[in-house]
Amino acid sequence: MRNIYACFKWVIDEADIRIEGKSADFTRARWKIGDYDLNAIEAANQVKESLPGSEAIGLTVGDADAKASLKDALSRGLDAVWHINTGESKIEDHRTSSQALAAVLKQNANAALVICAEGSQDLFGRQTAPRIAAALNWPVVTSVAELSIQGSVLEATRKLEGCIEKVNVELPAVVSVLPSINAPEYPKLKAIMEAKKKPIFEVEISELELKDAQGLHSQDEGYVMNRKNIVIKEGSTEEKVAQLVESLKKDGVL
Amino acid sequence: MSKIYFYAEDEKHSRITTALIQDSGNLACALCFGKEIPASVKNSGANMIVWFEADDDSPEHYAKLLSERLVETNATAALFESTARGRELAAHVAGFLNAPMFSDASKLEIKTEGLSCEHTIYGGMMLRSSSAEGFAIATTQAGFYEREVPKKEVEEIERIKATEIDTRVQVISREDIVKAGVDLAAAPVIICAGLGISDIEDLAILEALAVESGGAVACTRGVAEDRGWFAAELYIGISGKILNPDLYLGVGVSGQIQHMYGIRGAKTVAAINTDECAPIVKSSDYALIGDYKEVAPALLAALKK
Ligand SMILES: Cc1cc2nc3c(=O)[nH]c(=O)nc-3n(C[C@H](O)[C@H](O)[C@H](O)COP(=O)(O)OP(=O)(O)OC[C@H]3O[C@@H](n4cnc5c(N)ncnc54)[C@H](O)[C@@H]3O)c2cc1C
Ligand SMILES: Cc1cc2nc3c(=O)[nH]c(=O)nc-3n(C[C@H](O)[C@H](O)[C@H](O)COP(=O)(O)OP(=O)(O)OC[C@H]3O[C@@H](n4cnc5c(N)ncnc54)[C@H](O)[C@@H]3O)c2cc1C
C-alpha cells in the first residue's frame, strides 16, 4: 500500500487571544485546524488522485479536545484519520510530537509520503517534518511549492530565498509545503455527511514508547507594544502632513 | 570554553553569530558543506572552519554527518541561520539527536548549562522565554542582533572528506530568483507599500519618498506574493524580513500582527491609512488618517522643502 499522510495540528485561533498587560486570556479563543495544515491536507488529497489505490490519511497529536478536529479533517477529503491522544501527559516540545507521529507511521508501515505544513499556525517552529524524517530515517524536503509523484519518485519544486530548486526524492519521504501550494475550499455539505462514516483511529501517546524529552523550560507572556499611538486626523491634508513631519523630525528619525 | 558550531549563509549573519558565540567565552566553529569554502564563511572571524568537503553543495544533505560530528566532539550547541536550508538542516539534526531546538530565537544566551532565548508564538501575540539543559539547537535571524565581529579571515580549517551524504534527494535544477538589489537591513527609513496601494503607478511616489528620506521601499506579503509587484525578499514580517529601521512608514498597510512582527525593532512607526480602526493605528507612534493618493504627494512636497 502506498498511502499519503497529512499531519495537522489543532490550534487556538490567535485572533481570539486577548492580551492584557503581560497576561493572556485564552478563554474566549476558538480552536481550529491550523490554516496552513489545511494546505497539507489538500496536498495529500491531490497527490492521492494521481496514485490509484492509495488513501489520504490524517495524523494529529493532541489531547482529548483535539477530537473536535477529526470530523473536520475528514470532511476535507481525507479517507481516515489517526488521533494520537496525549491525554493528561504533558507534551514537552517538538521532540515528543514528532516522535509520536513517526511511531504511528512506522507501525502502519504503508506510507509513501508524509506531508506537513511548513510551520504550524500557533508555535510556527518549522521543525516537525525534518524531525519525523530523522526518526524514520527517510529523506526530507522543506519549502515545497509544487509536488507530484511519478512512479516511485517524488518530484518537488522548492522555493528558497535565492532560487527555485527542483528535486527528485526517493520514497517514502517527508515534505513540508508552503501555503501557496494550493487553495483549499470549504467542505461541501455532502463531504461533511460522508465524513461521519469514515474511520477514526485512536492511540494513546503512552503506548508509543517514545524516547524521553526533558530539560526544556519555558514561560509565556503577552507581547507588550509600547508606541505613542498619536492619531493625526484633524485639518487639511497639508496640515496633517506638516504635523507628521514635525513629529518625526522631533523624534530624530527624519 | 567549548565548541559551538554554526551554519550561516550571509556574511553579516556569520559575523553576528561569531560575536554571539565568542562573547559567551566559547569557540565559534563555522560550518560549510560542498566543493569550496564560501567567502561569507572564510571572512566570518570564527575560531575555525569545519569544512565537509564533497561535490554535493546542498547543506541539507549532510544532516547525518553533522549530527555524528556534534556528538563526537561533545559540542554544547549548534546555531543555524534561519533560512530555508538552515532551518531544515537544524531541525533534521535536532531530530537525529533528539535534541531541543529553538526556532527564530531572539535574545539568545549561551550559558554553561545550556541555551536560553526568547521567541514569539501565536503569530507574535505572545513571547515565550525558553531554556534548555545540555545540548540544544537554535535558529536565528540577523535582525534581532546588533554586535558583529569585524571581517577577518579564519586561519584554522579542518577539512573533512565527506562520504555518506544523503543521496536520496537529487537536485535536478536551480533557477536563481532575480534579486532586487536593495539592502533593506541597511536602510534607516522604510517606506512600506501595503495592499491599500490600488495602482502600481503609485509605487513611483513611494520610491520618491524613499529617495527623499534616504530610505528604501519594502512591502507586505500580499503585495509581493499575490500581486507580484516586488520580489519576495522585499516583504516584511514573520515569514519575511525582520528590520530595525529608525522609521517605518506603512502606506496602505493594515498592520496585521504577522507583518508588524517584522518591524518591532523600529525606533518610530508611522502609518498612512484611510481607516482609523485599522490595527496599525494601535501599533503606531503616529497614524495619519487619510488617502495616500493625497497624503503621499503632500508628504513628498513637505520633505522636499
Ligand atoms: C496537548 C499538547 C500540549 C502541548 N504543549 C506544549 C507546550 O506547552 N510547550 C511546547 O513547547 N510544546 C507543546 N506541545 C508540543 C507542540 O505542540 C509541538 O512542539 C508541536 O507539535 C510542533 O511544534 P510547532 O507547532 O512549532 O510545529 P511546526 O514544526 O511548526 O509544525 C509544522 C507542521 O507539522 C505538523 N504538526 C505539527 N504539530 C503537529 C501535531 N501536534 N500533530 C500533527 N501534526 C503536527 C503540521 O503539519 C504543522 O503545520 C504540545 C502539544 C500538544 C499536543
Ligand atoms: C502565518 C501567517 C504569516 C504571515 N506572514 C506575513 C508576513 O511575513 N508579512 C506580511 O506582510 N504578511 C504576512 N501575513 C499576512 C498578514 O496577516 C496580512 O494579511 C497582511 O500583512 C496584510 O497586508 P496589507 O496590510 O498590505 O493588506 P490589507 O490587510 O488588505 O490592508 C490594506 C490597508 O490599506 C488601507 N487602505 C486602503 N485604501 C487606502 C488608501 N487609499 N489610502 C490609505 N490606506 C488605504 C486599508 O484601510 C487597509 O488597512 C501572514 C499571515 C499568516 C496567517
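Key figures
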read-out: Candidate set from the stretch B:175-188 (those that are within 13 Å of another protein chain (Cβ to nearest Cβ) and buried (at least 16 other Cβ atoms within 10 Å of the Cβ)); member that is farthest from ligand 1 (Cβ to nearest atom); value: B:Ala187
read-out: Qualifying residue in the stretch A:31-52 (condition: in contact (Cβ under 8 Å) with a residue 60 or more places away in the chain, within 14 Å of another protein chain (Cβ to nearest Cβ), hydrophobic (A, V, I, L, M, F, W, C) and within 15 Å of ligand 1 (Cβ to nearest atom)); value: no
read-out: Qualifying residues in the stretch A:1-30 (those that are of a type in the set (A, V, I, L, M) and within 12 Å of ligand 1 (Cβ to nearest atom)) - the one farthest from the other protein chains (Cβ to nearest Cβ); value: A:Ala6
read-out: Failed criterion for A:Ser152 (all others in (1) touching a residue at least 60 places away in the same chain (Cβ under 8 Å); (2) open to solvent by 30 Å² or more (accessible area, probe 1.4 Å); (3) hydroxyl-bearing (Ser, Thr, Tyr) hold); value: (1)
read-out: Qualifying residue in the stretch A:129-136 (condition: within 12 Å of ligand 1 (Cβ to nearest atom), out of contact with any Pro (no Cβ under 7 Å at 6 or more places or on another chain) and within 7 Å of chain B (Cβ to nearest Cβ)); value: yes
read-out: Test for A:Thr142: is it within 25 Å of B:Ala99 (Cα to Cα), more than 14 Å from chain B (Cβ to nearest Cβ) and at pLDDT 95 or above; value: no
read-out: Residue among A:Glu221, A:Glu234 that alone is among the charged types (D, E, K, R) and either on the phi > 0 side of the Ramachandran plot or part of a loop (DSSP other than H, G, I, E, B) (or both); value: A:Glu234
read-out: The stretch B:258-276 residues that are more than 10 Å from chain A (Cβ to nearest Cβ), paired with ones that are open to solvent by 10 Å² or more (accessible area, probe 1.4 Å) and more than 13 Å from ligand 2 (Cβ to nearest atom) (beta carbon under 7 Å, 6 or more apart); value: B:Gly265/B:Asn244
read-out: Filter result (touching a residue at least 40 places away in the same chain (Cβ under 8 Å), in a helix (DSSP H, G or I) and open to solvent by 20 Å² or more (accessible area, probe 1.4 Å)) within the stretch B:1-39; value: B:Glu11, B:Lys12, B:Arg15, B:Leu20, B:Gln22, B:Asp23
read-out: Residue check for A:Trp82: over 14 Å from the mean Cα position of the chain (by Cα), open to solvent by 10 Å² or more (accessible area, probe 1.4 Å) and among the aromatic types (Phe, Trp, Tyr); value: yes
read-out: Extreme residue, least open to solvent (accessible area, probe 1.4 Å), among residues of the stretch A:219-247 that are touching a residue at least 24 places away in the same chain (Cβ under 8 Å) and within 7 Å of chain B (Cβ to nearest Cβ); value: A:Gly222
read-out: The stretch B:285-305 residues that are more than 9 Å from every other protein chain (Cβ to nearest Cβ), paired with ones that are in a loop (DSSP other than H, G, I, E, B) and within 9 Å of ligand 2 (Cβ to nearest atom) (beta carbon under 6 Å, 6 or more apart); value: B:Tyr292/B:Gly252
read-out: Residues that are open to solvent by less than 10 Å² (accessible area, probe 1.4 Å) and of a type in the set (Gly, Ala, Ser), drawn from the stretch B:47-63; value: B:Ser58, B:Ala63
read-out: Test: residue in the stretch B:199-218 that is within 11 Å of ligand 2 (Cβ to nearest atom) and under 16 Å from the mean Cα position of the chain (by Cα); value: yes
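Every residue, every condition in (1) in a loop (DSSP other than H, G, I, E, B); (2) more than 7 Å from ligand 1 (Cβ to nearest atom); (3) aliphatic (A, V, I, L, M); (4) surrounded by fewer than 24 Cβ atoms within 10 Å (Cβ to Cβ), yes or no:
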residue	(1), (2), (3), (4)
A:Lys67	no, yes, no, yes
A:Ile91	yes, no, yes, yes
A:Val114	no, yes, yes, no
A:Val141	no, yes, yes, no
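The values are calculated or read from the model by the stated rules, or taken from the named source; none is laboratory data. Note that this is a predicted model, so its numbers are computed, not measured. Cβ sites come from the backbone with ideal geometry, for glycine too, and all protein chains shown count toward neighbours. Keep in mind that these areas ignore ligands, DNA and RNA; they rest on the heavy atoms of the full protein, side chains included. Shrake-Rupley method; radii C 1.70, N 1.55, O 1.52, S 1.80 Å.
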